[in-house]
Amino acid sequence: MIKPRKLKDFKQDKKLEQRFEEQMQKLPDAQLASSLDDQIREVKLMLGESNDLVIREFHWGPGRTLRAGLVFLDGLIKSETIDEQVLAPLMIRTVELPPLERIQESEIPKLVLQHYLPRADAQIAKNCRDLVKGVLSGSTALLFDGSEQGVLLNTQGWEKRPVQEPVSESVVRGPREGFTETLRVNTALIRRRIKDPNLRLYNFKVGTRTATDVTMIYIMGLAKPGVVEEVKNRIAAIEVDGILDSGYIEQYIEDNHWTPFPLIQNTERSDKAVANLLEGKVIILVDGSPFALITPSVFSQFYHSPEDYYERFLIATLLRLIRTISMTMALLLPSLYIAFTSFHPEMIPSKLVIAMAAGRATVPFPSVIEALAMEVSIEILREASVRLPGPIGPTIGIVGALIVGEAAVRAGIVSPIMVIIVSLTTIGSFAAPSYNSAIALRMLRFPVMLLAAAFGLYGIMLFIIAIVMHLCSLKSFGVPYLSPITPVNLLQMGDSFIRIPLHKMKKRPNEFAQDRESRRINPTSAEDIEPK
């Protein structure tokens, strides 16, 4: 029989835990011990007796008379690199060194790097903090008996997902490269596209426990210094124990936390991130997340697709107009149906009124209850299809919607016109290129339906006025959210809800880029070249 623990036992555990925390706070800034055994003991104290912690002691040097130790985490390193580039040179290679009595303790790491391991990625670790941070980041720590300094070798080699086509932002025409969960792969994708020496990468460590690598990318001289400093200050001010995705960073640095509209855009596409860098914006990459953040962001860009710039301007303009119509349908179509059927039936053509009345003859609920029930059912089906396994998720969503809609009509719970309205609304929300902007419309759809049921078209107009006023009050890192519509900028409106030809887009948006770098096209532009 297990005896229950007494209260004093828990108090004793708390004292031990507090004592351990005090020791841990002293260790990070402490200098490494000179004895190899003490160094290994300190590492074990900080990292614990973990199963993936590997510590290997060996002898090296002339006659293999010097003691050393390797410390690394299994799974974060590439074992072949350690065997071939660390152990083999130290244990097999013989180099003429001064007599041991002439070698100073602080000179051992330098001698090793000069004669045994001439690696450009090696770093000297002078204290426990640097040593443990390097090991937790995938480096291998090389410790020496008699030296108070260690060597950190870059041996990272964990499993990573290859560069693939983005799942959430697919296009018909355009590059198929998407970001991955590895930060260095993502920065390389941007570096490969922008061969500009002014491209700057600024690194952060965010999270007291996860120490997640966060990289801010911008083009010096093109991005406004005020925006760059503001982004840098907001990221540096984050105080949290862990960062698991770029969505954490987005929520900590956004201007307004109480708006349904996204103020920071995210993307999986490397070409989209590069295009925004060329406009003077700032990109934020987070290690472990395939989504990059784009700051500042305005309302119109959430309905742009990279494909708009790869097709001719007539096609791109048509696609953007279709998205605008889809956005309007997704937001207002059910509320317009409720307003017309409940308050303004005289605005509907007579034949359509008769058909709608015949369909609603057996429906026992008012139009607002009918619409809310169908919208909630569709949202549940949509969420269920997302959570189901990939092959059967879309099938269950489509079949479920058809079966539920047909069964509801046959049972006389909803009218056939209501099924059509809800279907068009759902399809319209799918046309938005940005997932978080589509969610905002889905959220706002329900309050506007209630206002339409209470006040008819007047309620819808009041809702639209309130939303426009709210959008006008929003800013993203000092940039008006409705720019370039308000404040009005006629030169930049050619790339908002329409798209003018590329050779006419001579200037970058002055909301993001500096004035001296506003010109995008050289004086000898496409329209100035005469055909032969």
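The values are calculated or read from the model by the stated rules, or taken from the named source; none is laboratory data. Everything numeric in this text was worked out from a predicted model, so none of it was measured. Quick reminder, even Gly has a Cβ in these numbers, built from the backbone with ideal geometry, and neighbours come from all protein chains shown. These area figures cover heavy atoms from the full protein model, side chains too; ligands, DNA and RNA do not enter into them. Shrake-Rupley method; radii C 1.70, N 1.55, O 1.52, S 1.80 Å.
Please specify each residue of region 60-89 satisfying the condition of being open to solvent by 50 Å² or more (accessible area, probe 1.4 Å), more than 12 Å from LEU142 (Cα to Cα), at pLDDT 80 or above and not in a loop (DSSP other than H, G, I, E, B).
Selection gives SER79, GLU80, ASP83, GLU84, GLN85.
Give me the pairs, please: first residue somewhere in region 177-192 and farther than 13 Å from THR267 by Cβ, second residue anywhere and assigned to a helix (DSSP H, G or I), beta-carbon distance under 9 Å, and either six or more positions apart or on two chains.
Going by the 9 Å Cβ cut-off, the qualifying pairs are THR180/ASN186; THR180/LEU189; ARG192/SER270.
Tally up the residues in region 465-493 that are part of a helix (DSSP H, G or I), open to solvent by 60 Å² or more (accessible area, probe 1.4 Å) and among the hydrophobic types (A, V, I, L, M, F, W, C), please.
Residues that pass the stated criteria total 5.
Looking at PRO345, PRO296, PRO334, PRO349 in this structure, which one is modelled with pLDDT of 90 or more and more than 20 Å from VAL409 (Cβ to Cβ)? Don't jump to the end; show me each part of the working.
Working: PRO345 fails: modelled with pLDDT of 90 or more; PRO334 fails: more than 20 Å from VAL409 (Cβ to Cβ); PRO349 fails: modelled with pLDDT of 90 or more.
Going through PRO345, PRO296, PRO334, PRO349 in turn, the sole match is PRO296.
Checking LEU142 against (1) open to solvent by 10 Å² or more (accessible area, probe 1.4 Å); (2) more than 23 Å from the chain's Cα centre (by Cα); (3) of a type outside the set (Gly, Ala, Ser), which single condition isn't satisfied?
That leaves (1) as the condition not met.
Taking region 253-293 as the region of interest, how many residues are of a type in the set (Lys, Arg) and either over 20 Å from SER170 (Cα atoms) or touching a Phe, Trp or Tyr at 6+ places or on another chain (Cβ under 7 Å) (or both)?
The number of residues fulfilling the criteria is 1.
Do the conditions hold for PHE497, that is, is it modelled with pLDDT of 90 or more, of a type in the set (Phe, Trp, Tyr) and either part of a loop (DSSP other than H, G, I, E, B) or open to solvent by less than 60 Å² (accessible area, probe 1.4 Å) (or both)?
For PHE497, the condition - modelled with pLDDT of 90 or more, of a type in the set (Phe, Trp, Tyr) and either part of a loop (DSSP other than H, G, I, E, B) or open to solvent by less than 60 Å² (accessible area, probe 1.4 Å) (or both) - is not met.
Inspect all residues belonging to region 161-173 and state whether any of them is among the small types (Gly, Ala, Ser) and either part of a helix (DSSP H, G or I) or buried (at least 16 other Cβ atoms within 10 Å of the Cβ) (or both).
no
Condition check: closer than 21 Å to LEU424 by Cα and open to solvent by 30 Å² or more (accessible area, probe 1.4 Å). Does PRO334 satisfy that?
no
Given the conditions (1) surrounded by fewer than 18 Cβ atoms within 10 Å (Cβ to Cβ); (2) part of a helix (DSSP H, G or I), report the number of the one that ASN256 does not fulfil.
(2)
Please indicate, with yes or no, whether at least one residue in region 8-31 is loosely packed, with under 11 Cβ neighbours inside 10 Å, of a type in the set (D, E, K, R) and modelled with pLDDT of 80 or more.
no
Pairs only if they're at least six apart or on different chains, beta carbon under 6 angstrom, first in region 211-231 and part of a helix (DSSP H, G or I) and at pLDDT 90 or above, second hydrophobic (A, V, I, L, M, F, W, C) and open to solvent by 10 Å² or more (accessible area, probe 1.4 Å); list them, first residue then second.
Every condition considered, the pairs that remain are VAL227/PHE477; GLU230/PHE477.
Can you name the number of the only condition in (1) surrounded by fewer than 20 Cβ atoms within 10 Å (Cβ to Cβ); (2) outside any helix (DSSP H, G or I); (3) of a type in the set (Gly, Ala, Ser) that GLY280 fails?
Unmet for GLY280, out of (1) surrounded by fewer than 20 Cβ atoms within 10 Å (Cβ to Cβ); (2) outside any helix (DSSP H, G or I); (3) of a type in the set (Gly, Ala, Ser): (1).
Looking only at residues in region 206-260 that are farther than 19 Å from SER476 by Cβ and of a type in the set (S, T, N, Q), which one is farthest from the chain's Cα centre (by Cα)?
THR208
Hey, among ARG173, ARG192, ARG161, which residue is more than 23 Å from the chain's Cα centre (by Cα) and under 30 Å from PRO306 (Cα atoms)?
Values: ARG192 fails: more than 23 Å from the chain's Cα centre (by Cα); ARG161 fails: more than 23 Å from the chain's Cα centre (by Cα).
Just a single option satisfies the conditions, and that option is ARG173.
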